[in-house]
1. Which of the following residues is in contact with a strand residue (DSSP E or B) (Cβ under 9 Å, 6 or more places away or on another chain), open to solvent by less than 10 Å² (accessible area, probe 1.4 Å), in contact (Cβ under 8 Å) with a residue 24 or more places away in the chain and under 26 Å from Gln531 (Cα atoms): Tyr615, Tyr595, Tyr607?
2. Which residue out of Tyr215, Tyr250 is touching a Pro at 6+ places or on another chain (Cβ under 9 Å) and either outside the structural domain of Asp479 (by TED's automatic domain parsing) or within 16 Å of the ligand (Cβ to nearest atom) (or both)?
3. Inside the stretch 624-643, can you point out the residues that are farther than 15 Å from Ser732 by Cβ, open to solvent by less than 10 Å² (accessible area, probe 1.4 Å) and either modelled with pLDDT under 95 or out of contact with any Ser or Thr (no Cβ under 6 Å at 6 or more places or on another chain) (or both)?
4. Residues being away from the ligand (no atom under 13 Å from the Cβ) and surrounded by 19 or more Cβ atoms within 10 Å (Cβ to Cβ): count how many of those fall in the stretch 69-92.
5. Filter the stretch 55-68 for residues that are out of contact with any strand residue (DSSP E or B) (no Cβ under 7 Å at 6 or more places or on another chain) and open to solvent by 10 Å² or more (accessible area, probe 1.4 Å) and give the result.
6. Can you tell me which residue among Gly582, Gly569 is in contact (Cβ under 8 Å) with a residue 60 or more places away in the chain, under 30 Å from Thr241 (Cα atoms) and open to solvent by 30 Å² or more (accessible area, probe 1.4 Å)?
7. Which of the residues that make up the stretch 244-261 are more than 20 Å from Met285 (Cβ to Cβ) and in a helix (DSSP H, G or I)?
8. If you scan the stretch 467-498, which residues turn out to be more than 21 Å from Leu535 (Cβ to Cβ) and away from the ligand (no atom under 16 Å from the Cβ)?
Amino acid sequence: MKSTLKHRYISVILFLFFNIIFSQNNLLEKIIPKVSDKKIDSILMLLTLEEKVAMCHAQSKFSTKGVERLGIPEIWMSDGPHGVRAEISWDSWNYAGWTNDSITAFPALTCLAATFNPKLSSQFGVSIGEEALYREKDVLLGPGVNIYRTPLNGRNFEYLGEDPYLASKMVVPYIKGVQKNGVAACVKHFALNNQEHLRNTINVEVSDRALYEIYLPAFKAAVLEGKVWTIMGAYNKFRGTYTTHNPTLYKILKKDWGFDGVVISDWSSAHSTKEAALYGLDIEMGTGTDGLGSNSKNHYDNYFLANPFLELLKSGDISESIINDKVRRILRLRYRTNMNLSRGFGRINNKEHHDVAKKVATEGIVLLKNENNFFPIEDKEGLTIAVIGENATRSMTAGGGSSELKPQFEISPLEGLKQRYKKAKIIHAMGYATGPSVYDNVIPSKFNQDSLRVEALGIAKKADIILYIGGLNKSHLQDCEGDDRQSYKLPYNQEELIDQLKAINPKLGMLLVTGNAVDMPWLSKIDGLLQTWYLGSMAGHAIADVVSGDVNPSGKLPFSFPKKLKDNGAHFYGELSYPGDGTNQYYKEDILVGYRWHDTKEIEPQYAFGFGLSYTNFNLSEIETNKTKYSLHDTINVSCKVTNTGEIKGSEVVQIYIGKEKSKVKRALKELKGFEKVNLDKGDSKIINISIPISSLAFYDESISNWNIEKGTYTVYVGNASNNVTKTITISVK
Ligand code: GLC
């Protein structure tokens, strides 16, 4: 008996030891580059030119060739940013119809951004990386970090909002989490892919200042802090050249930032052999000879980085050192992933992943309005709740484009509410119906709509409370890749339905299921409003937790809700600014994106960046900086006491913005430079400290093509939303 106990102790200790060693891939990462760089060079010498070229382009929809004779494996890739996509066929966009590729659907990244919680982002990355590893994928094609410039962009739901600092802070832990598994993250889409309309051809013109201060920071953080192993080029052009092989972006990425990973094209975003060879494209994916990525015989050999590339190398037009750099990077990717002997085997659809998905969902939900104590809704005998709206039951993991998923399960809002409310009676009606599949924008026949409307109004009459669950969906021209919304308003005549529901029953609250801001003419008619994003597999449970008060909402908006489209910077300057004239588009709002625009132009938003209510109240006090005069290499330490003055525990996000009124250049009134989320029991207080290096106050000075810190006075704004500042402090930099 004793010996088995001893053996058990030893085995546990050994298991823990190896777990610690192997899980510290970053540790191995420090050792591996030395080892693998020598090995890489030795392998390089063994490869024929044909084998090198074959590694630089697709062999199928989502894989590239290995070198069988040397035992070098293929590289397998899969979408997407909030879950591992179902298996796709070798040679076409059709799904392969596997029965073992169902996965956990995590919340879309706007929800992750809304948590303002980098620790959660790390857990998200580790979990999704484990699922990708289990599905034997070497590259996970996410996260997306394109800045939210217009509320119409079909893919905003996949990204991290309008502020470069928030996006930078939230993307780094995600990448590290994924890559801890020996799976490469692929930060995308580099760069300036801020809309879907005409994405394949539009040429973006933007100032260097806005490029460096707004559109590049999240990519820079992904490379320099996240150590991301791959990055995906975008479809659009920048200053006349496709971003996937663009001289300016190539210099910034591989020279200035020293990126040592692999640049992967978007699917059919490569358009030139010479440019791809010379401007840093390493792996070309998704091209078809017709350029649409369509299925045509042997088109892989006709890829820009296939035979045409081989010919230029053989003729000497392109030096072999060019392809050697690409192959070194591609081999390094293999040593980090499928040739990394310490890689585990991953896990999938397990409780830990479901718990992470639910935690991100509940922490990301934003309480926007709560009058007459509409929320939380108590579960009590005799109460009848009418749940109305198609988004109460419609799957939101299907559709949306390449980020669509086949989850093992997806708890709908209605299902989650029914499971949570045991005493109250829940009745449901759709109220309206949209296209049967996610890609049809066809509205069913007129008759259906009327009967659905009548049914909904009927149950509204019988209920004590109406919970309307509407918003957008993942259909074409909604929150979906490939194009943008064509209106800021809610679709499918929802505004009329909301008005009619209000007329029947004043106790009306709303759950907005969207990844984008929408027009809110109905806002005065509802008592309670929750922004509930696209929450994935655990949607219904997360929603029920917040609606019932089991969880106190703590999300903050990662982007502004303008009152009307023209109040948004991209739309203020008309068609040339958005969506462009069909060929070119000019980011005329420049650095004034999102709240930077609203604050500086004094255009009040419907809801502000960083805003989110709670079921409790918080007080910010004792706000101080460690000093008021700083040198260039100093750090500003801001301390702030947060007190939970309400009746239940909850979380608050202290946000620090900094601005410079008197400046030699145009500036936003204030910019986010620090934040921290703090969880407090009722009555509790906590002093938090946030450090902001003076270097982070630099602006990109076009006159010297470099960053520059202006001396003089700055204002430090401390509050819990971009439009709710508790205290300002003036400091000076000498
Ligand atoms: C799509 C998307 C990209 C995705 C890729 C593969 O067009 O732009 O984000 O990873 O193609 O599906």
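1. Details: Tyr615 fails: open to solvent by less than 10 Å² (accessible area, probe 1.4 Å); Tyr607 fails: open to solvent by less than 10 Å² (accessible area, probe 1.4 Å).
The unique qualifying residue is Tyr595.
2. Working: Tyr250 fails: touching a Pro at 6+ places or on another chain (Cβ under 9 Å).
It is Tyr215.
3. If the condition is that a residue be farther than 15 Å from Ser732 by Cβ, open to solvent by less than 10 Å² (accessible area, probe 1.4 Å) and either modelled with pLDDT under 95 or out of contact with any Ser or Thr (no Cβ under 6 Å at 6 or more places or on another chain) (or both), then Cys640, Val642 are the ones that fit.
4. Looking only at that region, the number is 2.
5. Of all residues in the stretch 55-68, those out of contact with any strand residue (DSSP E or B) (no Cβ under 7 Å at 6 or more places or on another chain) come to 59-60, 67-68.
Hits for the stretch 55-68 are Gln59, Glu68.
6. Details: Gly569 fails: open to solvent by 30 Å² or more (accessible area, probe 1.4 Å).
None of the other options fit; the residue is Gly582.
7. Correct list: Pro247, Thr248, Lys251, Ile252, Lys255, Asp256.
8. Going residue by residue through the stretch 467-498, those that are more than 21 Å from Leu535 (Cβ to Cβ) are 476-477, 482-484, 486-489, 493, 495-498.
Within the stretch 467-498, Leu477, Gln486, Ser487, Tyr488, Lys489, Asn493, Glu495, Glu496, Leu497, Ile498 qualify.
The values are calculated or read from the model by the stated rules, or taken from the named source; none is laboratory data. This one's a predicted model, so the numbers in the text were calculated from it and none came from an experiment. Here Cβ is always computed from backbone atoms with ideal geometry, including for glycine, and neighbour counts include all displayed protein chains. Accessible surface areas use protein heavy atoms only, side chains included; no ligands, DNA or RNA. Shrake-Rupley method; radii C 1.70, N 1.55, O 1.52, S 1.80 Å.
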